[in-house]
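Notes follow the structure.
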Amino acid sequence: MSLTPEQIDVIQEMINIGVGQAANLLNSISGKHVKLSVPEVKVLNLEMLAQTLIDLGFEKNLSCVTLMFSGLIKGSSKIIFSTEQASKLVFAFTSVETNELDFDEIQAETLSEVGNIVLNSLVGSFANILNTTLNYSIPVYVNGNIDQILSSDINISEKGLILYARTHFQIENLQVEGDFILFIDLETVPMFIQAVNKFLEKGGFFN
Amino acid sequence: MEKLTQQFNLFNAVPIGVCVISTNFDIVFWNKQLEIWTNIKSPDVIGKKLIEVFPNLNHPKYIVPISSVINGGPPVVFSTQLHKSFFPSYLPDMQPRLLHTTVSNWKCASKHETYAIISVEDYTYLSYRIKEHKRMRDEALKELEMRKKAEAELRESEQKLRELNATKDKFFSIIAHDLKNPIGAFKNVLELLYQNFNDFSKEEILEFIEPLRESSAQLFALLENLLFWARSQTGRIQIEPIEFDLCDLIRQNISLLKLQAENKQITIESDLPERILVNADINTITTVLRNLISNAIKFTRSGGKIVVSAKVVDGYAEVCVEDNGIGMSKETMEKLFRIDVHHTSLGTANEKGTGLGLIVCKEFVEANKGKIWVESEEGKGSKFYFTVPLAEI
């Protein structure tokens, strides 16, 4: 499945708006200066996604927060961190020193909140710009390897649209990297593309 | 309001806290579990604004996400580490209860209204259990570390014991063979002379005495090394570094051993700068020099040559005792300097040895913070090197 450069530009802009909102919220919660950036969005298939994550060294234990949604578009959004990056992120917000060995349910709970803020802002941005209302599940935290994480999500299949973006967090002097993944169910992909096209026809962000 | 509250009564039967608020933040339901955790009764909060009952929530970090949920946005999570007191709650010992809070949207189909359901889970005991597990894990790791340390100490102690045992074996081997046999020969010759003194001519007596004289010199050198080594093993060798001219010491020792070399028609030369000031214990370095030069004499054939040189390399004086004698194989070189391997070789004039001299040299050089090594080729000769720290200028 492929998208035109204009469609990808719209999606990129939706993500940029979402990360801006997420950064403001994280800033407000932590009282720390938080900067979020998503330099590039890629359209991948499931095999390419798994390979991309393996190439990033994601064969080991991962921490993942998932937010499922339904409505005009149906699917899942995920933010995935290596345990090392997850520990760094939790430390950035809580100042509680931790390491991979110490990453426990309490730290995972903090990561759930941070991941949820990012996902809410990103998916919320999609819903706003596409002018639709979505229904959301309660955010889920999953810990495991990449196969376990992908197979635990009923919305993920070989078919459908997968958007992938590396996400850079800068919390004061600390740099953390996570991976944002948006799966859109095959059935609702035409609606998603239609909504993006409609947005473009209206003049996109310059309207 | 009462009818609406009844719809949520099901939440009184669950072990989590549940609070429902309307679009204008009015509390419409407060379940039994929250009553227990917060000590606030349902009638005291129903109909009141959330931020009126909990002023701590009157902050954009709560108002903005909760408003978003009420307006149909995704659920939000307030974790225990980032929000110590969403709904303040205390344990009997007045420690704060750790409450994990999730706010999600609920649309009332019949009334066409939306609400926010605030569900609260108690993570306090989970947190305690995690802390306890971590404590137990840390203790186990500490114990493992201690066991590893103890095992390493045991291995080190075993190694020391092996070395001590090898030292003892070496000591007894020297006493049993290298001292007993020549002294036994001394005894026999002296006994023969004593019993038959008048039967021998002066010339014959001189013939008896000559090998005894040579043998006694070798025995003396052996005893000297044995005593040095025994003292070093019992920690009784005192290394007292002083500043001295190493070249001068080399020249003195060459001069002392020249006669021994000339007896085998071996020449000793030196290749030395005017002076090299070193900081070391002069007695032990003298022993090293004497042993290395004596060894060179021992393993060089008649007509051979020995060169003793010294130069400065990387803050050390490097001494080399080179001979063009019989040399040695790689296997033999590996056995030198080792107490746990028995190795002796006869000299070119069948001079006997114990292998003790080089072990003493190694101990003394290292005690002076230097290094000792050998380069050799069978049939071509050997080069023994050692280093001594330079004096600070």
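Read-outs throughout are calculated quantities, based only on the coordinates presented, and are distinct from any laboratory measurement. Note that this is a predicted model, so its numbers are computed, not measured. When we count neighbours, we look across all protein chains shown, and the Cβ atoms used for this are built from the backbone with ideal geometry, even at glycine.
Among the residues of B:77-86, the average count of other protein chain beta-carbon atoms within 10 Å of the residue beta-carbon is 6. Of the residues B:Pro241, B:Pro75, B:Pro92, the one that moves most in a GNM of chain B with alpha-carbon contacts below 10 Å is B:Pro92.
Between helix B:60-70 and chain B there is an angle of about 60 degrees, using the helix long axis and the longest principal axis of the Cα atoms.
With a 10 Å cut-off around each Cβ of A:87-95, the average count of Cβ atoms from other chains is 1. Using Stokes-Einstein with the Kirkwood hydrodynamic radius over Cα pairs, what translational diffusion coefficient do you get for the stretch A:5-200 at 37 °C and a viscosity of 0.692 mPa s, in µm²/s rounded to a whole number? Rounded, D is 196 µm²/s. Springs join every pair of Cα atoms under 10 Å in this Gaussian network model of chain B, and among B:Asn263, B:Asn295, B:Asn58 the largest mean-square fluctuation is at B:Asn58. Counting only other chain Cβ atoms within 10 Å of each residue's Cβ, the peptide B:58-65 averages 3. Checking every one of the trypsin sites (Lys or Arg not before Pro) in the stretch B:183-250 against DSSP loop status and a limit of 10 other Cβ atoms within 10 Å picks out B:Arg236. Restricting the GluC sites (Glu not before Pro) of the stretch B:243-311 to loop positions (DSSP other than H, G, I, E, B) with no more than 12 neighbouring Cβ atoms within 10 Å leaves B:Glu274. For chain B, the average shadow cast by the Cα convex hull is 37.3 nm², which is a quarter of the hull's surface. Grouping the Cα pair distances of the protein assembly as shown into 20 Å bins from zero gives a pair-distance distribution of 16, 29, 12, 17, 18, 7, 1, 0 percent in increasing distance order. Among the trypsin sites (Lys or Arg not before Pro) found in the stretch A:3-67, those both in a DSSP coil and sparsely packed, with 14 or fewer other Cβ atoms within 10 Å of their Cβ, are A:Lys32, A:Lys60.
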